[in-house]
Amino acid sequence: MDFTYLFEPYDKLVTNADNAFQRMLNEFTDCINCKPGCSDCCHAVFGLFIVEAAFLKHDFDRLDPVEREAALQRCDQSDRELEKLEGMLKAFENDPAMRAYSLAKARVRCPLLSDHHECILYPYRPITCRVYGIPTAVNGMARVCGKAGFKKGSIYPVFDLDGAQRELYQMSKGLVERMGGKDSERASLLISISKVIKTPIEQLLSADTGAAT
């Protein structure tokens with residue numbers, strides 16, 4: 001399955017995210033506390049659109065077999081915690097604000113986080129991971145890592161993560177259509193990283209793998 005035509009537009013999104021982070025780091029150095037060994041972002045709960053899932057799976061499959069197996073074993077714990085979280089979130093089915101708040105506060109270890117507190121796919125990490133330590137716009141609201149030093153009430157540049165997600169959705173929609181999919185809703189499917197790395201790439205692109213929490 002060829003999705004190499006998406007390399008350039010996806011790389012553009014990655015570059016925009018990295019450049020935004022670097023600009024914030026240059027201008028607000030004291031506010032950004034990202035450093036080796038800090039893994040707060042690696043416990044945030046979010047899903048990937050199909051196009052980003054395909055890229056991540058492509059790179060995961062090129063890892064050393066021992067490293068891959070260790071990550072797959074960590075998926076079991078991640079899946080149990082996500083299932084528990086999903087059960088808790090059912091209480092907020094009619095309260096989107098509370099559901100969003102609970103998701104933002106939830107912490108589940110990403111299976112790509114090694115026992116040395118390092119991401120085994122760091123060069124290929126998703127857009128969300130790349131901008132975690134700076135202010136971002138999520139669902140129309142500004143959010144930032146709780147460990148960052150940005151002061152409440154002050155005004156800072158905000159990375160439009162909503163906009164990046166819209167572009168990922170459009171890329172996913174095009175990919176689904178290119179693969180012969182007729183269900184456009186599949187393009188809006190968000191897949192947990194655990195499911196991404198456990199699922200054959202052909203299945204990610206052609207079948208319903210289940211939404212992330």
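Laboratory data are not the source of any read-out in this text; all were calculated from the coordinates shown. All figures in this text were calculated on a predicted structure; none of them were measured in a lab. When we count neighbours, we look across all protein chains shown, and the Cβ atoms used for this are built from the backbone with ideal geometry, even at glycine.
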Inset, instruction - Round to the nearest 10 and give me the degree value, 0 to 90, for the angle of helix 65-89's Cα axis relative to the longest principal axis of the chain. - result: 70 degrees
Inset, instruction - Do me a favour and compute the ellipsoid semi-axes for the chain from its Cα gyration tensor, root of five times each eigenvalue, largest one first, whole Å. - result: 26, 20, 20
Inset, instruction - Return, for the Cα atoms of the range 1-108, the radius of gyration and Dmax in Å, separated by a comma. - result: 17.4, 45
Inset, instruction - Quickly work out the Asn33-to-Asp95 label distance, labels modelled 7 Å from Cα along the C-beta direction, and quote it in nm with one decimal. - result: 2.8 nm
Inset, instruction - Under 25 Å Cα to Cα from Lys152, which lysines show up? Leave out anything in the same chain fewer than 8 places away. - result: Lys35, Lys105
Legend entry - Spatially proximal lysines relative to Lys12 (Cα-Cα < 20 Å; intrachain offsets below 8 disregarded): Lys57, Lys173
